[in-house]
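Worksheet: one structure, shown below.
None of the figures in this text is laboratory data; all of them are computed from the coordinates on show. The structure presented is a predicted model; accordingly, all values stated were derived computationally and were not measured. Glycine gets a Cβ as well: all are built from the backbone with ideal geometry, and neighbour counts include every protein chain shown.
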Amino acid sequence: MLNNLKIGTKVNLLLILVFIISILVTSITMSTLLQHRAQKEVTSKAIILMRTMNSVRKYTQDRINPLLKSRLETETQFIPETVPAFSAIKIFENFRKDNEFKNFIYREAAINPTNLRDKADNFETKILQSFRNNPKTQEITGFRKLPQGEVFYIARPLAITQPSCLECHSTVEKAPKSLLASYGTKNGFGWQLNEIVAAQIISVPSQEVFEDAEHSWSMIIGLVIAIFALVILLLNLLIKRAIVQRIKSIEKIAQQVSVGNMSIDFDEKHNDEIGGLAVAFNRMKASLQIALNLLEKNEN
């Protein structure tokens, strides 16, 4: 079947095949690169926020807690500013007041928290159990569907590493009276030293980032398709003018020569392969003319 096709058609089929393969390869490559870039972007945001919150927690633990600790037994209400988790959560709440960051989420989710606001949901409980079952695991990442859209999360374990933390969470008898007055005696007790009691989770909106990546992919692929289409068009014009039309011209002259018109020449002004073919045909025509003349003389 291919043998019956014209040169222009064969070349077009070859170009279309190369075009399709190139688009597929480019599409897959660009999609992978852009998805990786989007993943890296949301991960970077989450890590920066995680480190920021840890800095707040450390500052509260090292500087604020010692200043206010003595007042816990004398105040009638508990001073939450002494708790690193409270400081981190409050600062993050202020951070979320900016509309650009309103869908960012920071959680210190615990199964048995002092403040029920920090009670882990089913998803967070599974993460916390994973940390407890695999103490060597220091980070869990992934994507999660929330009402506001898909988010990328980073979760890290929070363990009781300092005995001072147990003053509020070991037993009801040892807890400050102000803590009991504010939060009651039912929650947040029975914690053990080095026990993983909570999961620190940062959730960063990812849907918009990945949609931007898809938009960029569409624009790039559209540009590549346009460039390839232009290249194919230009190649078609070049092949038609530089090859096909010249071969057709030689074909027409050869047909006239074949029926006895020896007055016409294979006229080619180019010195390329087709021009060389025309020269060879002219020599063949001259040789044929000489042979015909000799044949006429012999017959006469």
query = Around Asp62, what is the net charge, scoring Lys/Arg as +1 and Asp/Glu as -1 over all other residues with Cβ under 15 Å from its Cβ?
reply = +3
ask   = Say we join alpha carbon atoms closer than 10 Å with springs in a Gaussian network model of the chain; which of Ser44, Ser27, Ser164 then has the biggest fluctuation?
value = Ser164
key: Residue among Gln200, Gln148, Gln256 with the largest mean-square fluctuation in a Gaussian network model of the chain, springs linking Cα atoms under 10 Å   = Gln256
ask   = Based on the Cβ-Cβ distance of Leu288 and Ala229, what FRET efficiency does E = 1/(1 + (r/R0)^6) give at R0 = 41 Å, to the nearest 0.05?
value = 0.35
request  = Taking the chain as the reference, fit the longest principal axis to its C-alpha atoms, fit the long axis of helix 245-258 to the helix C-alpha atoms, and give the angle between the two in degrees, 0 to 90, nearest 10.
outcome  = 20
message = With only alpha-carbon pairs counted, each pair once and no self-pairs, how large is the Kirkwood hydrodynamic radius of the range 30-211 in angstroms?
response = 17.6
inquiry  = Can you tell me the orientation of helix 122-133 relative to the chain, as the angle in degrees between its alpha-carbon axis and the longest Cα principal axis, to the nearest 10?
reply    = 80
inquiry  = Just want the ordering: His36, His169, from fewest to most Cβ atoms lying within 10 Å of their own Cβ.
reply    = His36, His169
key: GNM flexibility winner over the chain from Asn94, Asn54, Asn112 (Cα, springs under 10 Å)   = Asn94
task = Estimate the FRET efficiency between Leu193 and Gln148 by the formula 1/(1 + (r/R0)^6), using the beta-carbon distance for r and 30 Å for R0, to the nearest 0.05.
result = 0.20
key: the range 94-210: relative contact order as a whole-number percent, Cα under 8 Å and 6+ apart   = 36
note = Put in order of increasing Cβ neighbours within 10 Å, starting from the fewest, Lys297, Lys240 give Lys297, Lys240
ask   = Which whole-number percent gives the relative contact order of the chain, counting Cα pairs below 8 Å spaced six or more residues apart?
value = 20
note = In degrees rounded to 10, the 0-90 angle between helix 273-299 Cα long axis and the longest Cα principal axis of the chain is 20
ask   = Which translational diffusion coefficient, to the nearest whole µm²/s, is obtained for the range 1-71 from the Stokes-Einstein equation, given a Kirkwood hydrodynamic radius over C-alpha pairs, 20 °C and 1.002 mPa s?
value = 121
Eligible lysines near Lys126 by straight Cα distance, threshold 29 Å, same-chain separation 8 or greater = Lys40, Lys45, Lys58, Lys90, Lys102, Lys136, Lys145, Lys186
query = FRET efficiency for Thr9 and Ser216, Cβ-Cβ distance as r, R0 = 41 Å, nearest 0.05?
reply = 0.65
ask   = With the contact rule set at Cα under 8 Å and sequence spacing of 6 or more, what percent relative contact order holds for the range 151-284?
value = 22
ask   = Put +1 on the Cβ of every Lys and Arg and -1 on every Asp and Glu Cβ in the chain; which of Ala226, Gln148, Ile290 then has its Cα farthest towards the positive end of the dipole?
value = Gln148
key: Cα centre as origin, Lys/Arg/Asp/Glu Cβ charges: the chain dipole, Debye   = 340
inquiry  = Please arrange Tyr59, Tyr153 by how many other C-beta atoms lie within 10 Å of their C-beta, fewest to most.
reply    = Tyr59, Tyr153
